[in-house]
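For reference, the structure discussed in these notes is given below.
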Amino acid sequence: MLDTIQAINRTASFNRWAGFEVHRAADGEAELRMNWREEDMGQYAGFLHAGMIAALLDTVSGYAAATQAGRVLASHFSVNCISPAIGRAFVARGRVVKAGRKQVFVAAELYAQAEGKGEDALKLVATGNAILVPVEEIQPKPAA
């Protein structure tokens, strides 16, 4: 499953620009990592922009849901910014809370990794919740 989600991630131009790296994807869970780039990810005070926070949480939620439901789209998404997102890298983790036939409920967390500190020094900076819906593959229409 990890290889499949990594391949999907590579097809998304936004994810490539942002530098999202899929580190885990299996059994209703996913984890992304993104390195900080001051020149194009910060807001006016120098913290990670809330739009980037939302993008990380949305993406990891979709990947977690995809491990159980296949192709999905978000139908509802919420973000809670807990503290300023300051770090050299950011780690997003998502887990499926409940997967039904028509809706998949996912909880996600975003952590900041401080400069010079390892994975054990992650600080929670935001949380999110998403409801995703499974969608069918889009089939091309036959030529008339």
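Some values worked out for this structure:
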| quantity | calculated |
| --- | --- |
| Tally of residues being in contact (Cβ under 8 Å) with a residue 40 or more places away in the chain and charged (D, E, K, R) across segment 110-132 | 1 |
| Flag if Val97 is touching a helix residue (DSSP H, G or I) at 6+ places or on another chain (Cβ under 8 Å), over 18 Å from Asn9 (Cβ atoms) and not small (Gly, Ala, Ser) | no |
| Positions within segment 33-48 being open to solvent by 40 Å² or more (accessible area, probe 1.4 Å) and closer than 24 Å to Ile131 by Cβ, in sequence order | none |
| Residues of segment 81-106 satisfying the condition of being surrounded by fewer than 19 Cβ atoms within 10 Å (Cβ to Cβ) and closer than 20 Å to Trp36 by Cα | Cys81, Ile82, Ser83, Pro84, Ile86, Arg88, Ala89 |
| Single residue of segment 53-80 satisfying the filter (open to solvent by 70 Å² or more (accessible area, probe 1.4 Å) and not in a loop (DSSP other than H, G, I, E, B)) that is nearest to Ala114 (Cα to Cα) | Asn80 |
| Residue count for segment 1-32, restricted to those that are part of a strand (DSSP E or B), buried (at least 17 other Cβ atoms within 10 Å of the Cβ) and among the aliphatic types (A, V, I, L, M) | 4 |
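The values are calculated or read from the model by the stated rules, or taken from the named source; none is laboratory data. Note that the structure is a prediction, hence the values are computed from the model and not measured. Because the Cβ atoms are built from the backbone with ideal geometry, glycine has one as well, and the counts that use them run over all protein chains shown. Remember, those area values only see protein heavy atoms, side chains included, never the ligands or the DNA or RNA. Shrake-Rupley method; radii C 1.70, N 1.55, O 1.52, S 1.80 Å.
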